[in-house]
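The block underneath contains the structure these notes are about, expressed in structure tokens.
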Amino acid sequence: MIQIKIKSLLEKNKMSRYKLRQYTTLTYERVNDYYFGRVKSIKVEELEQLCELFNCNIQDIVEYKKNKK
């Protein structure tokens with residue numbers, strides 16, 4: 001399972017979803033999809049913007065967890 005960690009990055013950086021939208025080219029709907037874990041695909045450009053904004057690596061945004069059987 002792939003987990004997107006935008007919510008924790010926003011909390012860690014004391015940033016709102018509104019500010020995230022302002023600092024990137026993401027729409028409010030797209031920001032909410034990231035925030036609530038509803039993203040089905042990710043554009044490389046979006047990852048690049050998020051890495052630059054949060055000054056982090058892709059691993060800080062996306063995490064792979066094995067499904068428990």
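For the range 1-24, which positions are at pLDDT below 95, surrounded by fewer than 17 Cβ atoms within 10 Å (Cβ to Cβ) and aliphatic (A, V, I, L, M)?
Met1, Ile2, listed by residue number.
Quick one: how many residues across the range 35-57 are at pLDDT below 95 and assigned to a helix (DSSP H, G or I)?
0
Return the residues of the range 25-54 that are more than 13 Å from Ile6 (Cα to Cα) and of a type in the set (S, T, N, Q); say none if nothing qualifies.
Thr25, Thr27, Ser41
What's the total number of residues in the range 46-69 that are surrounded by 11 or more Cβ atoms within 10 Å (Cβ to Cβ) and free of Cβ contacts under 8 Å to residues at least 12 places away in the same chain?
4
In the range 1-16, which residues are part of a helix (DSSP H, G or I) and either within 13 Å of Leu53 (Cβ to Cβ) or touching a residue at least 40 places away in the same chain (Cβ under 8 Å) (or both)?
Ile6, Leu9, Leu10, Lys12
Look at the range 58-69 and say how many of its residues are within 13 Å of the chain's Cα centre (by Cα) and part of a loop (DSSP other than H, G, I, E, B). Before you say what the answer is, go through the steps one by one.
Here is the first cut: in the range 58-69, the residues within 13 Å of the chain's Cα centre (by Cα) are 58-63.
Those still in the list that are part of a loop (DSSP other than H, G, I, E, B) too: 61.
So the answer is 1.
The values are calculated or read from the model by the stated rules, or taken from the named source; none is laboratory data. Model, not experiment: these values are computed from the prediction. Cβ sites come from the backbone with ideal geometry, for glycine too, and all protein chains shown count toward neighbours.
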